[in-house]
Amino acid sequence: MIEERRRRTPTPEQLRIWRDFIETSEVLRSRLSAQLQSESSLSSGDYQVLLALSEADGRRARSSELATLIDWERSRLSHHLGRMEKRELIRRVPCADGVHGVDVLLTETGADAFRAANVPHLRAIRSLFVDALSPEQLAQVDDITTALRRNLEG
């Protein structure tokens, strides 16, 4: 019974690898966010919303669809959109199809802010992530993230 329980818990080495992975991911995310904020005045949340809207049909998305796209709770998105709307990065309007709901529109100000942030952000991704890894390691990261996503979805 004790041996069976031990098999279900990670080994000390597996826990070390897990912690290294989580801690490194957090440092990477933090540095990317800080660099984005300092170079563009956009938060990583702003960037996620603007990216999703820039890729959306007509640069607009229903609020509930946007929440799903960026994997946020609706209440979190609503509060964040309010802050972005005050800065004129987005606009909220009643749904175009007449159904109860809100469409979120990317404004010209938002599109300009996204374009200005995009190249520096992509450079930061290259310098902090891509350049640290060999092509083989990048392929391994791809395999690992694919396996993790498959496990999380299934």
Which option, (1) 60, 38, 24; (2) 53, 30, 28; (3) 35, 31, 24, is the value of Cα extents along the principal axes in Å that was calculated from these coordinates? (1)
Taking Cα atoms, how many degrees apart are the long axis of helix 108-128 and the longest axis of the chain, rounded to 10 and kept between 0 and 90? 20 degrees
Roughly what angle does helix 74-86 make with the longest principal axis of the chain, taking Cα atoms, 0 to 90 degrees, to the nearest 10? 50 degrees
Would you pull out the residues with amide H under 5 Å of Thr107's amide H, same chain only if 5 or more places away, H placed 1.01 Å from N? Ile90, Arg91
Which cross-chain or sequence-distant (5 or more) residues have an amide H under 5 Å from the amide H of Phe129, H modelled 1.01 Å from N in plane? none
With θ taken as phi - 60° and the coefficients 6.51, -1.76 and 1.60, list the Karplus ³J(HN,Hα) couplings across the range 52-63 in order, rounded to whole Hz; mark glycine and proline as x. 4, 5, 5, 8, 6, 4, x, 6, 8, 8, 4, 3
Expected vector for the range 144-151, Karplus 3J(HN,Hα) from phi with 6.51, -1.76, 1.60 and θ = phi - 60°, integer Hz, x for Gly and Pro, equals 5, 5, 5, 5, 5, 4, 4, 5
Order these by the 10 Å Cβ neighbour count, fewest first: Leu28, Leu66, Leu152, Leu15. Leu152, Leu15, Leu28, Leu66
Non-local amide H neighbours of Cys95 (under 5 Å, H modeled in plane, Pro and chain starts lacking H): which ones? Gly101, Val102, Asp103
Taking the chain and dividing mean pair separation by its residue count, relative contact order in percent (alpha carbons under 8 Å, at least six apart): 22 percent
Gap separating the Cα centres of the range 83-154 and the range 54-70, nearest whole Å: 11 Å
Inverting the mean 1/r over all pairs of different Cα atoms, compute the Kirkwood radius of the range 101-154 and quote it in Å. 14.2 Å
Relative contact order, percent, the range 62-132 [alpha-carbon distance under 8 Å, six or more residues apart]: 24 percent
Treating only Lys and Arg (+1) and Asp and Glu (-1) as charged, each at its beta carbon, one finds that the chain has a dipole about its Cα centre, in Debye to the nearest 20, of 400 debye
If each DSSP helix of 4+ residues adds -39,500 (n - 2.57) and the sum is divided by the residues in the chain, what number results at 222 nm, nearest 500 deg cm²/dmol? -23500 deg cm²/dmol
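Coordinate-derived values only; no laboratory data. The structure displayed is predicted, hence computed values, not measured ones. Methodologically, a virtual Cβ is constructed for each residue, glycine included, from the backbone with ideal geometry; neighbour enumeration extends over all protein chains shown.
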